[in-house]
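*Asks:* Structure provided below as structure tokens; questions to follow.
Derivation of every value follows stated rules applied to the coordinates shown; laboratory data play no part. None of the values given here were measured: they were computed from a predicted structure. Glycine gets a Cβ as well: all are built from the backbone with ideal geometry, and neighbour counts include every protein chain shown.
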Amino acid sequence: MGTRAEILVPGASGEGPALVLSAPISFWGGVDPKSGRIADVRHPQCGQSLSGKVLFLPGTIGSSSASSVLMELVHAGHAPVALVLHEPDAILLLGLIVAREMGWETPVAMKLSRDAFGFFTGKQVRVGGDGEVAILGTDSAA
Amino acid sequence: MAMRIVAESAALLGAPRLIPIASAHIDGALYHGDSGTLFAERLVEGGARVAVRSTLNVGALDLMGCSRVRLEEPQRSMARRMMEAYRKLGCEQSWTCAPYQAGHRPAFGSDVAWGESNAVVFCNSVLGARTNRYGDFLDIACAISGRAPDFGLHLQANRRASLVFDVSALPRPFLASEIAWPVLGSLYGREVGNAVGVVTGVEKNPGEDALKAFGAAAASSGAVGLFHIAGVTPEAPDAEMALGGVEAEVTIRVTPEMARQAQARLSTAESTDHIDAVAIGSPHLSLAEFDTLERLLAGRRLSVPIHACTGRHVLVELDRDGRRKALEALGVVVIADTCVVVTPILPERVDGVLMTNSGKFAQYAPGNTGYAVLYGSLADCVESAVSGRPVFTRLG
């Protein structure tokens, strides 16, 4: 199955296991910029890595430095393969806008209702630069 | 490049136009990795300069040399290059997350572009100036272009409260205590997310440092950009005015149990018989908060250090009368230009326990420093630092 999402920031297509966050996160202070691992001890998915995942974000909270952390993940090669957001996040997505200005390859960011996130849990997902989000199968590591 | 970033953000947000801004506060000069340094240097190479007054938030180094930051090479040099690039762009060397207590207070109703979540919420809520929660990079891009996307909290209609956060059922001794504000801020942020609310049931203005603590906690547990307190903050002479004459969509009646749970949630340490350090000053301590610290210390030597984070605007005052040296002699580590959760200052320790009176430190210390947190009032933090064991006084 698949669906087409609205593109928020254009970027490269790719595929990876879905990581559907069950709670909003602050990228700054909540994600280690050196590795992409969730570091917020109060987050239910603390310890999991965003790197290489198709990241489904129900919402973001906290610091205005989320953009810095995401850009650093992009620059260091630890970014998610794609970001799927319930609504546009002007702070987080700046990290992608500025990384593009710097000439670095960035993951695509798209908008999809969080009501649909559940379908992707535990699945291997492909995202196209055109906004297509397709389930390829069950994530073997999940 | 700066104008392109502003324009692209405006398009993403659906803002129909750009508006002129009166000032900026820049949160992009904190080192998180080389990418931010490269971006700032690209702006400098392009000949960019800020077009409006721009203060700087904390960096990753203590340029005043009060404290030792354990950032190793090559990161240390990259962090210094980043701070230098922002200076070359024409930003003021304020290096504080409390610019509003360092003489940067935009006029009521003026449009500004501020970064740093606690500074944003203070600017909107307590000063009544208008800013969105500007993320790193957009703040400096707005400062250079002198423009910001016209959306969100720049628009009068979006500043109206849609919910009520009623604290009138809480015991008076709790509401009069220092910890009420960071604890309630933390609860408020988690309950309201990014909505605008009005707090009711507050009988008197708790003072600027309490409002600072409330906003910082709310902006770290939620995505709060603006709050109102009926009878206290400038856009809320009363609850009806803050709500714009419209019925509240939601009313949250805060019970003593909710406040107790919010307070408990700020601590992550399991029951412990010792602490390794105390950290205060998120947001940066004001001179008045140092007065309180000195009064509570009463000349006693500490068994574990109190890390007191502040800006150079306060450091100058402390140094004038030799107060910093006196505090340091007791075991206080004064930290300027930066703080303990943004850069490595606390000794590396497995199973370390950090005590703090800051809702924001409590939120971020576990993830950023590896220390477990014990939350308590400033008085409890001081007593614990003197004895080396956690001390909690009961209220009421």
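*Asks:* Of the DSSP beta bridges with both residues in the protein assembly as shown, give the percent that are antiparallel, rounding to the nearest 5. Display every interim value, and only then the final one.
*Replies:* Working: 20 of 68 bridges.
About 30 percent, rounded to the nearest 5.
*Asks:* Length gain on complete extension for the stretch B:ASP273 to B:ARG76, per 0.36 nm per residue less the alpha carbon to alpha carbon distance?
*Replies:* Using 0.36 nm per residue and subtracting the Cα-Cα distance, I get 67.3 nm.
*Asks:* Quick check: pseudo-label points 7 Å beyond the Cα along Cα→Cβ at B:ARG172 and A:ALA23, how many nm apart are they?
*Replies:* Taking the two extended label points, one gets 3.6 nm.
*Asks:* A further question follows. Taking loop as defined by DSSP and a crowding limit of 16 other beta carbons within 10 Å, which chymotrypsin sites (Phe, Trp or Tyr not before Pro) in the range A:88-142 fit?
*Replies:* A:TRP104
*Asks:* Partner chain Cβ atoms within 10 Å, averaged over the residues of B:107-115 - can you pull that number for me?
*Replies:* Averaged over the peptide's residues, the number is 1.
*Asks:* While we're looking at this one, here's another question. Could you work out the mean count of beta carbons from other protein chains within 10 Å of each residue's beta carbon in A:66-75? Mind showing how you got there, number by number?
*Replies:* Values: counts 4, 11, 13, 5, 4, 8, 6, 3, 1, 7.
Whole-number average of other-chain Cβ neighbours for A:66-75 is 6.
*Asks:* Take B:THR233, A:THR138, B:THR338 and order them by how many other Cβ atoms sit within 10 Å, fewest up front.
*Replies:* Working: B:THR233 22, A:THR138 11, B:THR338 30.
In order of increasing Cβ crowding within 10 Å: A:THR138, B:THR233, B:THR338.
*Asks:* In debye to the nearest 20, how big a dipole does chain B give about its Cα centre with +1 on each Lys and Arg Cβ and -1 on each Asp and Glu Cβ?
*Replies:* Its charge dipole is roughly 480 debye.
*Asks:* Next question. For the range B:117-213, run through the trypsin sites (Lys or Arg not before Pro) and keep only the ones in DSSP coil with at most 14 other Cβ atoms within 10 Å of their Cβ.
*Replies:* B:LYS204
*Asks:* Per residue of B:302-309, what is the mean number of Cβ atoms on other protein chains within 10 angstrom of that residue's Cβ? Let's see the in-between values first.
*Replies:* On the way: counts 0, 0, 0, 0, 0, 0, 0, 0.
Mean number of neighbouring Cβ atoms from other chains: 0.
*Asks:* Identify unpaired cysteines across chain B, taking unpaired to mean no other cysteine Cβ lies under 4.7 Å from the residue's Cβ.
*Replies:* Unpaired cysteines in chain B: B:CYS66, B:CYS91, B:CYS97, B:CYS123, B:CYS142, B:CYS381.
*Asks:* Let me ask another. Grab the DSSP H runs of the protein assembly as shown that are 4 residues or longer, score each as -39,500 (n - 2.57), total them, divide by all residues and round the 222 nm result to the nearest 500 deg cm²/dmol.
*Replies:* -9000 deg cm²/dmol
*Asks:* Percent relative contact order of the range B:203-294, based on C-alpha pairs within less than 8 angstrom and at least six residues apart?
*Replies:* Reported relative contact order: 26 percent.
*Asks:* Based on the mean of other beta carbon atoms within 10 Å per residue, what is the order of B:175-184, B:113-122, B:267-276, A:92-101, most packed first?
*Replies:* Peptide ranking by packing, descending: B:113-122, A:92-101, B:175-184, B:267-276.
*Asks:* Which helices, taking whole DSSP H runs in chain B, have alpha carbons extending 18 angstrom or more along the helix axis plus mean Kyte-Doolittle at least -0.5? Intermediate results must be reported in sequence, preceding the final value.
*Replies:* Working: long enough: B:75-88 (20 Å, -1.55); B:208-221 (20 Å, 0.32).
Length and hydropathy pass: B:208-221.
*Asks:* Okay, next question. What's the exposure ranking of B:CYS66, B:CYS309, going from fewest to most Cβ atoms within 10 Å?
*Replies:* The most exposed by this proxy come first: B:CYS66, B:CYS309.
*Asks:* Set Lys and Arg Cβ to +1 and Asp and Glu Cβ to -1, take the dipole of the protein assembly as shown about its Cα centre, and tell me which of B:GLY59, B:LEU330, B:ASN132 lies farthest positive.
*Replies:* Towards the positive end, the residue furthest out is B:LEU330.
*Asks:* Quote the FRET efficiency, to the nearest 0.05, computed for B:LEU63 versus B:GLN156 with a Förster distance R0 of 35 Å and r equal to the Cβ-Cβ distance.
*Replies:* 0.30
*Asks:* Contact order normalised by length for chain B, with contacts defined as Cα pairs under 8 Å and 6 or more residues apart; what percent is it? Each step should come with its number before you reach the end.
*Replies:* Numbers: 887 pairs, mean separation 71.7, N = 396.
In percent, rounded to a whole number, it is 18.
*Asks:* Just to be sure I understand the model, the point goes 7 Å from the Cα along the line to the Cβ. What's the resulting B:LEU287 to B:GLU348 distance in nm?
*Replies:* My value for the distance between the label points is 4.0 nm.
*Asks:* While we're looking at this one, here's another question. Modelled label-to-label distance, A:GLN45 and B:PHE108, 7 Å Cα→beta-carbon offset: nm?
*Replies:* 4.5 nm
*Asks:* Would you please name the GluC sites (Glu not before Pro) within the range B:187-225 that are DSSP coil residues with at most 12 other C-beta atoms within 10 Å of their C-beta?
*Replies:* B:GLU203
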